[in-house]
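Have a look at the structure below, then the notes.
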Amino acid sequence: MDFNGKSATAILNDGVTVTGDIDDILGGNLATLNFVGGSTVTDDVGASHAINTLNVQGDNTTQVNLQGNVMVNKLNFSNTGVVVGGGTLTATAGVQYNNLGATLAFSNPVGAYIFSSPILQAGNGNVLVDTTLTATDSSIAPAKTIQIGANFSTAALTLAVNNPNLNLLAGGNQINFESANAALVVASPVVQAVTLGSNLDGFAGGGGNVTLNGTNALTVQGGLFGTVNKLASVSTIGTVQAQGGINLSGITTLNVTGNSNFTDQTATSASATNINIGDGNGIGTYILTPNNANFNISTANMKFNKAGSILNITSNGNVTATMNGDLNPGAAASGVIQLSSTGGLLTIIGGNNLGINNGNTLNSMILAGNGDITITLAINIATPLSTGIAGNLTLTTVNGPVNFTNTTTFAVTNITGKTDFVNNAGIINLNNNGTLAAVTSTGGINGTVNVLGAGVVTINGASSATNLTINNAGVVATAAGGFTGNAAVGAGQ
């Protein structure tokens, strides 16, 4: 069918099938195409030049099936009908819903498509995604319902909106995952803040995959993830920050991908059943900043999939992080834990081990800040723990070496690796029946070891710390290799 540049109207009654194109080869943008009911066009609409207006006049019992690409000036709903597009849809002036409960469906499991046209007055309308679709206009967001994967189980919608602010799920609008493997990608062509007005729920019984792509820095805020039905996964790419009261607790698996930096100011994502940090493409950095709020963290199934990947917990005020089990990083010498207390006491409890001794140890642990840190779990590391805090550090057992990088006051029971004060005036307060390996201070003699209480204290290896003082006459201290330099052994030796 060809309009030949004429200001003509073609009316297709219910049940009509057009085999081939509907076109306006001479152009002019004057043609009108009315679909009275359900019809099918097997090839393109507006293959050479756009049709001016495509009117969909049927109700929701009828379906206009456009199997090829569609190029029109305006697609207009005058009833609650359904348009199913099998190719790329371009409506230059927009898809006009007229506040009707009409449905625009993208349905072709083969190929990927871009939808750049505006959607107008769609507060009662629906968008159905059964293909791989990228939407680039923010006007898709106010649609009453966006459904992903109702008929194509691995359908994916990417929102790549060139707008610094994007509001989703406002005013009762919904984005629904209609299959367990359906996917939503929120991308940031520009530095962007995405505000959620309500709950982004998973597929019934659990499912739905969300990717937060911060190729340009992406902030997500407000709303909730997976309140009723958990999302199968949330993955971060690039630089992503969660803030502003968002609740990310309804996640089964969190993936902080390689070369990604994910900061969660709410720490709610830390309750995900599985947490993967980094991948084969690079290290991932997962930062939790729960100021003055206690939180739970799922360490039982946390994996560092690149040796240098980082878990960073930064607190300001008194904060307790409760782990749900031992942290096995997934490989030997894998994963870096950074803890920073900028004020108050940061306490890490729950489980027995951070890293597995004589097995999948952590790579290292780095401590920082002016506050205090207490860890009740044994720390099992391959490279030195850095004591960087200026306040008080309280640990039980460190299976691995320790380097002082500040004037930390450090209470501990067992350190199996060498301790090096590195010319810092730090203090070790060794608990009852404690054990130290060799103690030294490179770069200058400095540091103090206080042996507290009664019992047998064993120092394994030649030691050259400045002051080894034993403050209780009931203590028995042994130093295999003896003490050298300015080390002094006090009463009770």
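Residue by residue, segment 356-368 carries 3J(HN,Hα) couplings of 10, 5, 6, x, 7, 6, 5, 5, 6, 9, 10, 10, 8 Hz when phi is fed to the Karplus relation 6.51 cos²θ - 1.76 cosθ + 1.60 (θ = phi - 60°); x denotes Gly or Pro.
Stretched out fully, how many nm does the piece from ASN292 to SER116 gain, at 0.36 nm a residue minus the Cα gap?
Going from the current span to full extension adds 59.0 nm.
The residue among ASN399, GLY94, GLY426 whose Cα reaches farthest toward the positive pole of the charge dipole of the chain, with charges on the beta-carbon of Lys, Arg, Asp and Glu, is GLY426.
The phi torsions of segment 233-239, fed into the Karplus equation with coefficients 6.51, -1.76 and 1.60 and a -60° offset, translate into couplings of 7, 10, 10, 10, 10, x, 10 Hz, rounded to whole numbers, with Gly and Pro shown as x. Between the amide H of ASN274 and those of THR253, LEU254, distances stay under 5 Å, these residues lying 5 or more places away or on another chain, with hydrogens modeled in the peptide plane.
Both numbers refer to the Cα atoms of segment 1-71; Rg and Dmax are 11.2, 35 Å. Here the spin labels are modelled as points 7 Å beyond Cα on the Cα-Cβ line, and at ILE445 and GLN221 they lie 5.7 nm apart.
Computed from the C-beta positions of ASN259 and ALA425 and an R0 of 35 Å, the FRET efficiency is 0.35 to the nearest 0.05.
Bridgeable lysines around LYS230 (alpha carbons under 30 Å apart, same-chain partners fewer than 8 residues away excluded): LYS144, LYS303, LYS306. Within segment 1-159, the percentage of alpha carbon pairs spaced more than 30 angstrom apart rounds to 7%.
Of THR195, PRO329, ILE415, which is farthest on the positive side of the dipole of the chain, counting Cα position, with +1 on Lys and Arg Cβ, -1 on Asp and Glu Cβ, and the Cα centre as origin? In the chain, that residue is ILE415. Average 1/r across all pairs of distinct alpha carbons in segment 391-437, invert it, and you get the Kirkwood radius: 10.5 Å.
Couplings for segment 155-163, taken from phi via the Karplus curve 6.51 cos²θ - 1.76 cosθ + 1.60 with θ = phi - 60°, read 4, 9, 10, 10, 9, 10, 9, 7, 8 Hz in order; Gly and Pro are left as x. Beyond 17 Å, the tail of the calculated P(r) for segment 121-178 holds 36 percent of the Cα pairs. Here the chain is treated with +1 on each Lys and Arg Cβ and -1 on each Asp and Glu Cβ, and its dipole about the Cα centre works out to around 1320 debye. The alpha-carbon atoms of the chain define a convex hull whose volume equals 137 cubic angstrom per residue.
Compared with the direct C-alpha span, the chain from ASN181 to MET1 gains 60.8 nm at full extension, assuming 0.36 nm per residue. Take the Cα of ASN370, go 7 Å toward its beta carbon, and the backbone nitrogen atoms of segment 381-423 under 15 Å from that spot belong to 389-392, 407. Against the compact-protein benchmark of 2.2 N^0.38 Å, the Cα-based radius of gyration of segment 181-332 scales to 0.96. The Cα atoms of segment 212-285 give a gyration tensor whose axes a ≥ b ≥ c have a/c of 1.5 or more with a/b no greater than b/c, which makes the shape oblate. The gain in end-to-end length when the THR61 to THR342 segment is fully stretched comes to 95.0 nm, 0.36 nm per residue minus the alpha carbon separation.
A Förster radius of 30 Å combined with the Cβ-Cβ distance from ALA300 to GLN243 puts the calculated FRET efficiency at roughly 0.65. Amide H contacts of THR134: TYR113, ILE114, PHE115, THR158, each under 5 Å away and 5 or more positions distant or on a separate chain (H built 1.01 Å from N in the peptide plane; Pro and chain starts excluded). How high is the FRET efficiency from ALA10 to VAL228, r the C-beta distance, R0 45 Å, rounded to 0.05? FRET efficiency, ALA10 to VAL228: 0.45. For segment 288-418, the extents of the C-alpha atoms along the principal axes are 34, 31, 23 Å, listed from largest to smallest.
Just so you know, all these numbers are worked out from the coordinates, no wet-lab data involved. Because the structure is a prediction, the values reported are computed rather than measured. Counting neighbours? That spans all protein chains shown, and the Cβs are built from the backbone with ideal geometry, glycine included.
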